[in-house]
Amino acid sequence: MNEAVTEYIENIKVDWQAEISRKLREVVGQAEPGVAERIQYGKPHFLKNGKYLAVLGTAKDWVSFTIFNATNLEAPAGFFEAGPPERKTVKIRKGQEVDYGLVETLLKEAASTI
């Protein structure tokens, strides 16, 4: 675990965003145990073999979580935001249920081709 990523998450001022960010970080580690972490562009990035696997960030009303190498990922309709096929982003808002099992499955699938 990268200390700068830990510090980023500990400094999130909105409790629900901090909790979701901690859980997402944990899920990334479960999906890809050897993942490398770093802060880049002011946000936690997770890398496998030097290539981006995921990034998380917070905004006023949501936590954003993007999975890279995602062209072939399939998820329920409406799960991901619209965007380029190689990056799939989910925006998690306060009170929204998060299917961490699905996120872990998608991360494993994306990581399998890196």
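Brief remarks on what is shown
- Selection status of ILE20, within 14 Å of the chain's Cα centre (by Cα), buried (at least 21 other Cβ atoms within 10 Å of the Cβ) and modelled with pLDDT of 95 or more: yes
- In the condition set (1) over 15 Å from the mean Cα position of the chain (by Cα); (2) on the phi > 0 side of the Ramachandran plot, ASN69 is compliant with all but (1).
- For region 23-45, the candidate set comprises residues that are under 15 Å from VAL90 (Cβ atoms) and not basic (Lys, Arg); within that set, the residue that is surrounded by the fewest Cβ atoms within 10 Å (Cβ to Cβ) is VAL27.
- One residue stands out in region 57-67 among those that are crowded, with 19+ Cβ neighbours inside 10 Å and polar (S, T, N, Q): the one that is nearest to ILE92 (Cα to Cα), namely THR58.
- Within the option set ALA82, ALA77, ALA70, ALA54, being surrounded by 20 or more Cβ atoms within 10 Å (Cβ to Cβ) and modelled with pLDDT under 95 holds for one residue only, ALA70.
- When residues in region 57-89 are screened for being of a type outside the set (Gly, Ala, Ser) and within 20 Å of VAL5 (Cα to Cα), 9 of them pass.
The values are calculated or read from the model by the stated rules, or taken from the named source; none is laboratory data. All values reported here derive from a predicted model rather than from experimental measurement. Using ideal geometry, Cβ is built from the backbone for each residue, glycine included, and neighbour counts are taken over all protein chains shown.
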